[in-house]
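Working notes, beginning with the structure itself.
The values are calculated or read from the model by the stated rules, or taken from the named source; none is laboratory data. The structure displayed is predicted, hence computed values, not measured ones. A quick note on method: Cβ atoms are made from the backbone with ideal geometry, for glycine too, and the neighbour counts reach across all protein chains shown.
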Amino acid sequence: MAHLFISAAHKSSGKTTLSIGLCGAFHQHGLSVQPFKKGPDYIDPMWLSRAAGKDCYNLDFHTQQHSEILSAFGHRTDSADISIIEGNKGLYDGLDLEGTNSNAALVALLDSPVILVIDAQGMTRGIAPLILGYQAFEKGINIAGVILNKLGGSRHESKLRAVIEHYTDVPVVGAVHHDPMLDIQERHLGLIPSNEADSVERQIQAIADVIGQQVNLDQLQHIANHAATPAYQPLPKTESITTDIRIGIAQDAAFGFYYPDDLAAFRIAGAELVSIDTLHDTQLPEIDGLFIGGGFPETQMHTLEANVSLRDSIRTAIEAGLPVYAECGGLMYLSRSLQWNESKCSMVGALPMETRMHQRPQGRGYVQLARMHNTLWDEMLNKGENINAHEFHYSSAENLEKTTQFAYRVLRGHGMTGQHDGIIHRNVLANYSHMRNVENNPWVRQFVDFVRRHQ
């Protein structure tokens, strides 16, 4: 179970670019690379998946139990030559004083060797106490190597190597010089998603080439090979499933925020996923239900508006009772209109509301929801637990009617109104919160069963 945990001293140290480069470089060397991402995220995993040639899976304390994380990790790592886990924020950053959901907590759970990425701009001798402090802060954390990032040149690199060798016992496994080639364009939610960016493969190739030249891949492979194997319960084997319903899924430059294990859960539940391009398809295909995930509809709003035929087709199907589940960007698309700056575009018009983009996030971070009496998917009433989810949206729901029905009361987070999330309209459930299909919230099976009952 060869694996590495790529973390950093603080956010924006360059660990995502380095993780992409490492996945790409190892993949180019013929290794089977399995990427993981700590916490809730869609965009970084898109890039990691493209670089590794394998789906990236999220490991998240907020939505998954420890045993669930261990099983998901062990199941997918077991068949790979090397696994790369990219952390979020800094190694010891977390929500509580004890760091129970920090990167370090995940490192301890998986018994992973840590490669610490350090943004070394402007640093010389001061890098030594930084490394020594990170080693001493939690004794059980194995910082197996450091990668110096954003270096000013070979002289800067030599000074840092000498300091680290003199004062610490941590090997320098890479020294990456500042290079515009490594910059990936960003927008309000982080990196531009790889399903939007032009020439993604060429950019990943370029990043992998640079990282492969300036990081010692053999040394990293050696460290990974000596990683401990955490104990885990194997996932149950799934029998061959016969699909009996078809569920459309919006997959294009506007909508691409989906967790691969959630999509796999649709197949296990007996649903065939039918891809829909909301930018170019003119009619809905023959489907029994529809799933529209998150994304950036605001960047494609004029093209979405211009596709009148598909918008009419979706609205007509919803009025006729088509079961639909939508998250965040999907919610925005189903509303009457979307406004961003001075532009306002018509959307599907199925939900009695408008959406407006803002300069600052309207909801960001972890969410906890309590189910209300009417949750649309009846089986949800049998589950007493609250739902842990996440949200990250710059848009807000506007002009909601007083009679609007909601599925959830927001215990933590913002949702649609600050108090509620999950608008219910006919057979549509749409919320700002992003769900994970996990043991405590098997929403995929619940939605598929709901679709099946309305087939």
Sort out which residues of the stretch 190-246 are of a type in the set (Val, Ile, Thr), in a helix (DSSP H, G or I) and at pLDDT 90 or above, and write them in order of number.
204, 207, 210, 211, 223
Close pairs (7 angstrom Cβ cut-off, 6 or more residues apart or separate chains): under 18 Å from residue 442 (Cβ atoms) and assigned by TED's automatic domain parsing to the domain that holds residue 429 in the stretch 362-389, at pLDDT below 85 and surrounded by 14 or more Cβ atoms within 10 Å (Cβ to Cβ) anywhere
371/380; 381/375
Going through 302, 280 one at a time, which residue ends up being in contact (Cβ under 8 Å) with a residue 12 or more places away in the chain, surrounded by fewer than 14 Cβ atoms within 10 Å (Cβ to Cβ) and under 15 Å from residue 251 (Cβ atoms)?
280
Residues (in a helix (DSSP H, G or I) and either at pLDDT below 95 or surrounded by 24 or more Cβ atoms within 10 Å (Cβ to Cβ) (or both)) located in the stretch 26-37:
26
Out of (1) in a strand (DSSP E or B); (2) more than 27 Å from residue 435 (Cα to Cα); (3) not aromatic (Phe, Trp, Tyr), the one residue 256 does not meet is (2)
Hand me the list of strands (runs of 3 or more DSSP E) wholly inside the stretch 38-133 holding 1 or more residues that are closer than 27 Å to residue 157 by Cβ.
82-86, 114-119
Is it the case that some residue within the stretch 371-380 is out of contact with any strand residue (DSSP E or B) (no Cβ under 7 Å at 6 or more places or on another chain) and assigned to a strand (DSSP E or B)?
no
Would you mind stating whether residue 112 is modelled with pLDDT under 95 and of a type outside the set (Phe, Trp, Tyr)?
no
Filtering the stretch 47-68 down to residues that are buried (at least 24 other Cβ atoms within 10 Å of the Cβ) and of a type in the set (A, V, I, L, M, F, W, C), which residue is farthest from residue 200 (Cα to Cα)?
56
Just to be sure before I move on: is residue 297 closer than 17 Å to residue 276 by Cβ, surrounded by 15 or more Cβ atoms within 10 Å (Cβ to Cβ) and not acidic (Asp, Glu) in the structure I sent?
yes
Qualifying strands (runs of 3 or more DSSP E) (wholly inside the stretch 317-365; at least 1 residues being under 11 Å from residue 396 (Cβ atoms))
337-340, 354-357
Kindly provide the set of residues from the stretch 143-157 that are basic (Lys, Arg) and in a strand (DSSP E or B), ordered by number.
150
Go through the stretch 390-420 and count every residue that is over 22 Å from the mean Cα position of the chain (by Cα), surrounded by 14 or more Cβ atoms within 10 Å (Cβ to Cβ) and within 23 Å of residue 440 (Cα to Cα).
6
One residue from 275, 335, 313 being under 29 Å from residue 445 (Cα atoms) and crowded, with 23+ Cβ neighbours inside 10 Å:
335
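Let's see how each residue does on (1) touching a Leu at 6+ places or on another chain (Cβ under 8 Å); (2) farther than 19 Å from residue 425 by Cα:
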| position | (1), (2) |
| --- | --- |
| 289 | yes, no |
| 293 | no, no |
| 301 | yes, yes |
| 316 | no, no |
| 321 | no, no |
| 325 | yes, no |
| 328 | no, no |
| 334 | yes, no |
| 337 | no, no |
Among residues of the stretch 210-258, those that are under 20 Å from residue 451 (Cα atoms), buried (at least 17 other Cβ atoms within 10 Å of the Cβ) and among the hydroxyl-bearing types (Ser, Thr, Tyr), counted:
1
